[in-house]
1. Considering each of Ile132, Ile128, Ile138, Ile99 in turn, give the residue that is at pLDDT 95 or above and in a helix (DSSP H, G or I).
2. Looking only at region 110-125, count how many residues are in contact with a strand residue (DSSP E or B) (Cβ under 7 Å, 6 or more places away or on another chain) and either over 28 Å from Gly167 (Cα atoms) or surrounded by 18 or more Cβ atoms within 10 Å (Cβ to Cβ) (or both).
3. So which residues in region 127-158 are of a type in the set (Lys, Arg) and in contact with a strand residue (DSSP E or B) (Cβ under 7 Å, 6 or more places away or on another chain), if there are any at all?
4. Scanning region 57-85 for residues that are touching a residue at least 12 places away in the same chain (Cβ under 8 Å) and out of contact with any strand residue (DSSP E or B) (no Cβ under 9 Å at 6 or more places or on another chain), which turns out farthest from Tyr41 (Cα to Cα)?
5. Looking at Val162, is it within 16 Å of the chain's Cα centre (by Cα) and either crowded, with 18+ Cβ neighbours inside 10 Å or part of a strand (DSSP E or B) (or both)?
6. Restricting attention to region 46-66, which residues are over 15 Å from Gly114 (Cα atoms), outside any strand (DSSP E or B) and under 17 Å from the mean Cα position of the chain (by Cα)?
7. Restricting the first residue to region 16-37 and requiring it to be closer than 16 Å to Asp59 by Cα, which pairs with a second residue that is in a loop (DSSP other than H, G, I, E, B) and of a type outside the set (Gly, Ala, Ser) meet a Cβ separation below 6 Å and a spacing of at least six or different chains?
Amino acid sequence: MISNRKIVLYIAMSLDGYIARDNGDIDWLSMVESHDEDYGYKDFLKSVDTVIMGRRTYDQMLTFGDFPYKDKKCYVISRTTRPKDNYVEFWSGDICKLISEIQQKDGLNIWLVGGAQIVGEFLSKKLIDKYIISVIPILLGKGILLFRSNRPEIRLQLCRNVAYPSGLVQLSYDQTRPEKTLIH
């Protein structure tokens, strides 16, 4: 069964490819914050009903106050099992099994929030269908890279690019799937 529920990586990174400082800090994202522009975030949120993130990303998110995705089904990928809490289910099993279970159910798209380690695992299995990457006009020089080495080659098709007055450039790509060939 092929699911219509796509896995979407929606994330911000610096121009030199970092998603956070070495200590996990994302303070530099504030340079493009605007009361007048949300960069399509609200519309994107309406297109997903499931959220997947790593434990470090989840732990950092909790430092910001209320959990922001209470209206979504949320999975936190963790090496250690934890009991389900009010808003998230912790998953320490095989990612492909989790995705298969999610995609067998009706619903909207699935947001892969991050962080880098979880993104790397999804990349290694070629599970990401769509990439929406907001490039922030800053060179951090060091930090946590979004795309780590030792991953398979993945071909992408540019779907959309938007440059905003803040300097943020949002790039949207679909993963290209090989054409099926008929054997005669």
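The values are calculated or read from the model by the stated rules, or taken from the named source; none is laboratory data. If you're wondering where the values come from, they're calculated on a predicted model, not measured in any experiment. Ideal geometry is used to build each Cβ from the backbone, glycine not excepted, and the neighbour counts take in all protein chains shown.
1. The unique qualifying residue is Ile99.
2. 10
3. First, the residues of region 127-158 that are of a type in the set (Lys, Arg): 130, 142, 148, 151, 155.
Within region 127-158, just Lys130 meets the criteria.
4. Of all residues in region 57-85, those touching a residue at least 12 places away in the same chain (Cβ under 8 Å) come to 57-58, 60, 67, 69-70, 72-80.
The next check asks that each one be out of contact with any strand residue (DSSP E or B) (no Cβ under 9 Å at 6 or more places or on another chain); those that pass are 70, 79.
Working: Lys70: 16, Arg79: 30 Å.
For region 57-85, the residue satisfying everything is Arg79.
5. no
6. Lys46, Ser47
7. Qualifying pairs under 6 Å: Ile19/Leu146; Ala20/Ile26.
Quick grid of which residues meet (1) of a type in the set (S, T, N, Q); (2) without any contact (Cβ under 8 Å) to a residue 24 or more places away in the chain; (3) out of contact with any Lys or Arg (no Cβ under 6 Å at 6 or more places or on another chain); (4) within 22 Å of Gly54 (Cα to Cα):
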| position | (1), (2), (3), (4) |
| --- | --- |
| Lys97 | no, yes, yes, yes |
| Leu112 | no, no, yes, yes |
| Gly115 | no, no, no, yes |
| Val119 | no, no, yes, yes |
| Lys126 | no, no, yes, yes |
| Asp129 | no, no, no, yes |
| Arg160 | no, yes, yes, no |
| Arg177 | no, yes, yes, no |
